[in-house]
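The values are calculated or read from the model by the stated rules, or taken from the named source; none is laboratory data. The structure displayed is predicted, hence computed values, not measured ones. For neighbour counting, all protein chains shown are included, and Cβ atoms are generated from backbone atoms with ideal geometry for every residue, glycine included.
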Amino acid sequence: MSGQAQISIWGAGCAGLSLARKLSAQISSGDIKAPVSLHGPLSPAATDSHIWGFWQTDWLSEPASLSKQSWKSWQIITQQGRVTQTSQSHPYHALDSAIWLQDCADRSEGKISRSEDAPARSKQGLIFDSRTPEVPENSLLQHFTGIEIKVPRPVFDASVLTLMDFRCDQSRGIHFIYLLPFSEDTALVESTLFSEQTEDRAFYMAAIERYLREVYQVETYEIIREETGCIPMNFLKPCDPALLAIGANGGCVRPSSGYAFAFIQKQVQWISQQLASGHVLDKIQTPHRRLDSWLDRVFLSVLKAHPEAAPEIFLSMAKALTGDELAKFMSGLAHLPIYVKLISAMPKKMFINQILPAQRQKWQEG
Ligand SMILES: Cc1cc2nc3c(=O)[nH]c(=O)nc-3n(C[C@H](O)[C@H](O)[C@H](O)COP(=O)(O)OP(=O)(O)OC[C@H]3O[C@@H](n4cnc5c(N)ncnc54)[C@H](O)[C@@H]3O)c2cc1C
C-alpha cells in the first residue's frame, strides 16, 4: 500500500499517461488508495498520431497488444552491404501514439483527476515530473520527418522493416532512411539524421523522394499523414532535481539510439510496483544499466568525432549479433556475451581514443 500521501503527475505525455494507466489499475485493485492527479495539457501525440517503435519484451505485452503492426525481421543497409536479422521472441512493434495515449487516458478516467492547468507544487505527497527537460547546447540530435504513403503498385516487402538504410545524402550528418512497410503498397518512410542542427522540411522530403525513386522506382505516391520529431541524444538533467523525474526528464531516452518508449514503460512499471508494495519512493532509478550508459557515452563520442564511419559501425554491429541479441541490447537486456561481441565488432582505435573524451564529458556534467 502506498499510504495516503497524495500523488501528482506533471506532464500528460507518454510517461505521465503511462504512469496514470498503471496507477489506475492499482487504484481499481485497491493497492493504491491515495488520491492521484494528472496535470498539464494532453500531449499533441494523443491526437496527431506518430509511431513508437520497440522490440517486444515481457513488460511490453500491453502496448504490443495494441500495436498497429509487428515484424520478426529487420534490416540495416549501407552502400557496402546489408544485414537482415530475425527474432521470433522479440518482434519489432509499431504503436500509434494516439491509440496508446487515448487508451491510457480512457483507463484513467474516473480514477485519476485531471487538470489542464500548469501544476502547482504542493507541500505534501509525491510529485512525478515528466515535463520536458532542457537540452544542452551542442547536443547531438536525432531529427526526422516521415510520411506514411500509399504507392500505386506493390513494391514493399511487408515482412521486413528497414531500421537504417544509409544510401542517402551524408553531407549534413549521419543520415538514414527508416522504413516500416505496413503492406506491399503502404509504408512509413522517414528521413532521419544524427547531427547538431535540424534541417528544413524540404531536405527530409527530398531525401525520401529520391530514396523511393532510386530504391523502389516509385515516382508518385499519396501522403496519408506526416510525422516529425527531434530527440536529444545526450544525458539530460531533470527539470527539478527535488522532484521524482520520469520519462525523458527521468533519463529514459537511450542517448545512443533515441529509443525511449520501452524504458518509459519499464520505469512506470517499477514505480507502480514500488508504490503498491508500500516502499518509500525518494528517488527514481534510471532504467538504463551503468554499462549501457557508459557504452552509450563512448559510442556518442565516436559518432561525433567520426560521423563518416557511422554506416560501417552500425553494419558491423548488426553483423556481429543475432536478431535476438540486437533486440536485447536495444531493450537494455544485454548479457556478457552480447557486450563482448559488440565491443569486438567496433573499430578498436576509434573507440579507445574516445574513452577519455567521453569520461571528461561525464566529469564536466558533474
Ligand atoms: C515524433 C517522435 C517519434 C518517436 N519515436 C520513437 C520510437 O519509435 N521509439 C521510441 O522508443 N521512442 C521514440 N520517441 C522518443 C520518446 O518515446 C518520446 O519522446 C516520448 O514521448 C517521451 O515521453 P515523455 O513523457 O518523457 O515526454 P512527452 O511525451 O513529450 O511528454 C511530456 C509532456 O509534458 C508536457 N509539459 C512540458 N512542460 C510542461 C509544464 N511546464 N507543465 C505541464 N506540462 C508540461 C508536454 O506538453 C508533454 O505533454 C519519439 C519521439 C518523437 C517526438
Test of understanding: among LEU38, LEU60, which residue is in contact (Cβ under 8 Å) with a residue 60 or more places away in the chain, within 12 Å of the ligand (Cβ to nearest atom), in a helix (DSSP H, G or I) and crowded, with 21+ Cβ neighbours inside 10 Å? LEU60
Tell me whether region 348-365 contains one or more residues that are small (Gly, Ala, Ser) and at pLDDT below 90. yes
Taking the stated definitions as given, is ILE32 among the β-branched types (Val, Ile, Thr), out of contact with any Asp or Glu (no Cβ under 9 Å at 6 or more places or on another chain) and away from the ligand (no atom under 16 Å from the Cβ)? yes
When region 40-59 is checked residue by residue, the ones that are within 17 Å of VAL268 (Cα to Cα) and either in contact with a helix residue (DSSP H, G or I) (Cβ under 9 Å, 6 or more places away or on another chain) or basic (Lys, Arg) (or both) are TRP52, PHE54, GLN56, THR57, TRP59
Looking at region 120-140, is at least one residue in contact with a Gly (Cβ under 6 Å, 6 or more places away or on another chain), within 15 Å of the ligand (Cβ to nearest atom) and modelled with pLDDT of 95 or more? yes
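Being touching an Asp or Glu at 6+ places or on another chain (Cβ under 9 Å), aromatic (Phe, Trp, Tyr) and part of a helix (DSSP H, G or I) is true for just one of PHE329, PHE263. Which residue is that? Explain how you work it out, then say what you get.
Working: PHE263 fails: touching an Asp or Glu at 6+ places or on another chain (Cβ under 9 Å).
After applying the criteria, what remains is PHE329.
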Looking only at region 285-343, count how many residues are over 19 Å from MET233 (Cβ atoms), more than 19 Å from the chain's Cα centre (by Cα), buried (at least 17 other Cβ atoms within 10 Å of the Cβ) and free of Cβ contacts under 8 Å to residues at least 60 places away in the same chain. 4
Check whether at least one residue in region 193-206 is away from the ligand (no atom under 16 Å from the Cβ), assigned to a helix (DSSP H, G or I) and of a type in the set (Gly, Ala, Ser), and report yes or no. yes
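Would you confirm whether any residue within region 155-163 is within 16 Å of the ligand (Cβ to nearest atom), of a type in the set (S, T, N, Q) and farther than 29 Å from ILE271 by Cα?
Within region 155-163, one or more residues are within 16 Å of the ligand (Cβ to nearest atom), of a type in the set (S, T, N, Q) and farther than 29 Å from ILE271 by Cα.
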Conditions first: (1) of a type outside the set (A, V, I, L, M, F, W, C); (2) closer than 24 Å to LEU19 by Cα; (3) in contact (Cβ under 8 Å) with a residue 12 or more places away in the chain. HIS279 passes all but one, so which condition is the exception? (3)
Restricting region 219-265 to residues that are more than 7 Å from the ligand (Cβ to nearest atom), modelled with pLDDT of 95 or more and among the aromatic types (Phe, Trp, Tyr), which is surrounded by the most Cβ atoms within 10 Å (Cβ to Cβ)? PHE263
Taking region 50-67 on its own, how many of its residues are under 14 Å from the mean Cα position of the chain (by Cα) and either farther than 20 Å from ILE147 by Cβ or not aliphatic (A, V, I, L, M) (or both)? 8
